[in-house]
1. Grab the Cα-Cα distance for residue 26 and residue 61, subtract it from 0.36 nm times how many residues apart they are, and report the gain in nm with one decimal.
2. Between residue 138 and residue 101, with labels modelled 7 Å along Cα→Cβ, what's the label distance in nm to one decimal, could you check?
3. Find the relative contact order for the chain and round it to a whole percent, using C-alpha pairs within less than 8 Å whose residues are 6+ positions apart.
4. List 22, 164 from most exposed to least, where exposure is judged by having the fewest other Cβ atoms within 10 Å.
5. Arranged from highest to lowest average of other beta-carbon atoms within 10 Å per residue, in what order do the peptides 67-73, 141-147, 49-55 appear?
6. Please order 43, 156 by the number of other Cβ within 10 Å, starting at the fewest.
7. Would you compute, for the Cα atoms of the chain, the largest minus smallest coordinate along each principal axis and list the three values in descending order, in whole Å?
8. Helix 77-86: angle to the longest alpha-carbon principal axis of the chain, degrees 0 to 90, nearest 10?
């Protein structure tokens, strides 16, 4: 599964996932069904967070929630496009996640699948901005939270990517190694 995605270290020492391709281009009408199809390639995969060594599993509920959650339904414009394209960087976004926070489960509907509560981690990603000639002119940097559920089986599962906020644009072009 080849993706044009890379983790870079910024001058301030923080990691940033750079996603070099925009595969979901339309800001007004994102095809969340297409995003869901893309995400299915991660089903059953396990990724490790570098900072905490937590192993994060990808289950079917992530695919459904990422593309069909109430949070996603409210997204418009740049942030909707950012979430759709962030799908490409999910493994790396998990790897660089920081600032683990716990919250107990309060919803009855998640009594089993989040029996031991919820965790949130901060992550960051960047997407290219192109001009009318498709030349990249800058990168928009986004901050997001990974919502992780702690299942009754003791495993941690990625549930959604939420609270996506555009932080800044950067004129420098991150370079691929090699």
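Any read-out appearing in this document is the output of simple, stated calculations on the displayed coordinates, not a laboratory observation. Owing to the predicted nature of the structure, the values given are computational and were not obtained by experimental measurement. Note that we place each Cβ from the backbone using ideal geometry, even for glycine, and neighbour counts take in every protein chain shown.
1. Gain on stretching residue 26 to residue 61: 10.1 nm.
2. Roughly 2.8 nm, to one decimal.
3. After rounding, I find 22 percent.
4. Ranking 22, 164 by Cβ neighbours within 10 Å, fewest first, gives 22, 164.
5. Answer by packing, highest mean first, reads 141-147, 67-73, 49-55.
6. Least crowded to most crowded, the residues run 43, 156.
7. Principal extents (Cα only, largest first): 51, 36, 28 Å.
8. On a 0 to 90 degree scale, this one is about 70.
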